[in-house]
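Chemist: The structure is given below, and queries will be raised subsequently.
Every number in this text was worked out from the coordinates using simple rules, so none of it is lab data. These figures come from a predicted structure and were not determined experimentally. So basically every Cβ, Gly included, is an ideal-geometry build from the backbone, and we count neighbours across all protein chains shown.
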Amino acid sequence: MSDVPHLFHSLEHDEPFKTCLTCEQDFCDISDPYTVTKVYKGPECVFEYAMCLPCRRSMVETFSEESRKNMQNFFDKNPHIEERSERIGESQNHTDWMQDCATCRTPLSEIQDYSIACMGFGSDMVYDPFPMMVCHNCEQKIQSRLSKPTRDQWDKFILDHFDGPPSEVLKPDGVPVLV
Ligand SMILES: [Zn+2]
Ligand SMILES: [Zn+2]
């Protein structure tokens, strides 16, 4: 483990994420890990949040069963996830984990829009399979496998939690792959 790198700090607050978006508990006070998700449009981060694992689980449970299965399969049945784990599993340098799309292996240098996510525990970063970068193309593939109720549920989640968002935090155009 190592400290959560600056890339995964909150852009809005210019410091590491400290609390869960949903339950607002301090990450140092809970015994669960959490994920930090950021969505990039070109060089600009347009959306970010951090959420503890129990809240993440509760949110995903509101998605339809079919959507959940499709999202899970997208990662579980993808050979690149295991391959990259064997290739860079020992590395604790976050850039090694994000040099190419985790699900199609397109190099970051050839990608314009993408999402990244990492897993943290307290102030530490936990490796394998996170941190991860997924390109917009792959995200679009997953969107097409999500049901309308699931997409509606996500929109509601955004409305509930990003009421009057700061200008740099814009609503993404779909459920992030790395919720
Ligand atoms: Zn929480
Ligand atoms: Zn991809």
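Chemist: So which residues in region 1-59 are farther than 16 Å from CYS118 by Cα, part of a loop (DSSP other than H, G, I, E, B) and near ligand 1 (Cβ under 10 Å from one of its atoms), if there are any at all?
Modeler: Correct list: THR22, CYS23, GLU24, GLN25, ILE30.
Chemist: Could you list all residues from region 21-33 that are under 24 Å from TRP97 (Cα atoms) and either without any contact (Cβ under 8 Å) to a residue 60 or more places away in the chain or over 16 Å from the mean Cα position of the chain (by Cα) (or both)?
Modeler: First, pick out the residues of region 21-33 that are under 24 Å from TRP97 (Cα atoms): 27, 32-33.
Hits for region 21-33 are PHE27, ASP32.
Chemist: Still on this model: Any chance you could count how many residues in region 96-120 are within 11 Å of ligand 2 (Cβ to nearest atom) and either assigned to a strand (DSSP E or B) or within 18 Å of CYS45 (Cβ to Cβ) (or both)? If you could, list the steps in order and put the result at the bottom.
Modeler: To start, the set of residues in region 96-120 that are within 11 Å of ligand 2 (Cβ to nearest atom) comprises 100-108, 110-111, 113-115.
If we keep only those that are either assigned to a strand (DSSP E or B) or within 18 Å of CYS45 (Cβ to Cβ) (or both) as well, we get 100-101, 107-108, 111, 113-115.
Qualifying residue count for the region: 8.
Chemist: Being free of Cβ contacts under 8 Å to residues at least 40 places away in the same chain and not in a strand (DSSP E or B) is the filter; apply it to region 121-137 and report the residue that is farthest from ligand 1 (Cβ to nearest atom). I'd like the intermediate steps shown before the answer.
Modeler: Keep residues of region 121-137 that are free of Cβ contacts under 8 Å to residues at least 40 places away in the same chain, which gives 133, 135-137.
Filter once more, keeping what is not in a strand (DSSP E or B): 136-137.
Values: HIS136: 27, ASN137: 31 Å.
Checked region 121-137; the qualifying residue farthest from ligand 1 (Cβ to nearest atom) is ASN137.
Chemist: I'd like to know if region 46-60 contains one or more residues that are surrounded by 15 or more Cβ atoms within 10 Å (Cβ to Cβ) and acidic (Asp, Glu).
Modeler: Yes: region 46-60 contains one or more residues that are surrounded by 15 or more Cβ atoms within 10 Å (Cβ to Cβ) and acidic (Asp, Glu).
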